[in-house]
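Data block below; observations after.
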Amino acid sequence: MISDEQLNAYRLSGEKVRVVRDGLKENDVRGIVVAWDDTHVLIRRPNRNVVKLDRNYIIQPSKEERIDPTTEVPEWGAESGNSDSLKEED
């Protein structure tokens, strides 16, 4: 989940962001951060519509290359396939 500090930086700068919801680029929401709470963020789209989205989606600057959530490995899951790390030491 994106931090309050990062959302505030996007809001204050007025920088356009991209909200990546799934593997399809067509489903991304682009706009500026307007407000947020513990679970949601409000994004104002270029057509002035405001969209309420979950904060667990990937939120990144619009000018950066799109992050594909289907190919990215989350930091916490990087070693989930390694069963050797679960062995007890004697």
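Here, each number is a calculation from the coordinates, and none is a lab measurement. If you're wondering where the values come from, they're calculated on a predicted model, not measured in any experiment. Counting neighbours? That spans all protein chains shown, and the Cβs are built from the backbone with ideal geometry, glycine included.
Structure summary
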| item | result |
| --- | --- |
| Long-range amide H partners of TRP36 with built H, under 5 Å | LEU42 |
| Mean shadow area of segment 1-62 over all directions, Cα convex hull, nm² | 3.8 |
| 3J(HN,Hα) from dihedral phi, segment 32-41, Karplus parametrisation 6.51/-1.76/1.60, rounded to Hz, x for glycine, proline | 10, 6, 9, 7, 7, 9, 5, 10, 10, 9 |
| Positive minus negative residues near ASP38 (Lys, Arg vs Asp, Glu; Cβ under 15 Å) | -2 |
| Net dipole in debye of segment 1-62 [+1 Lys, Arg Cβ; -1 Asp, Glu Cβ; about Cα centre; nearest 20] | 360 |
| Inter-label distance for THR71 and LEU53, nm, one decimal - labels placed 7 Å from Cα along Cα-to-Cβ | 2.0 |
| Value of relative contact order over segment 1-62, rounded to a whole percent, pairs C-alpha under 8 Å and six or more apart | 34 |
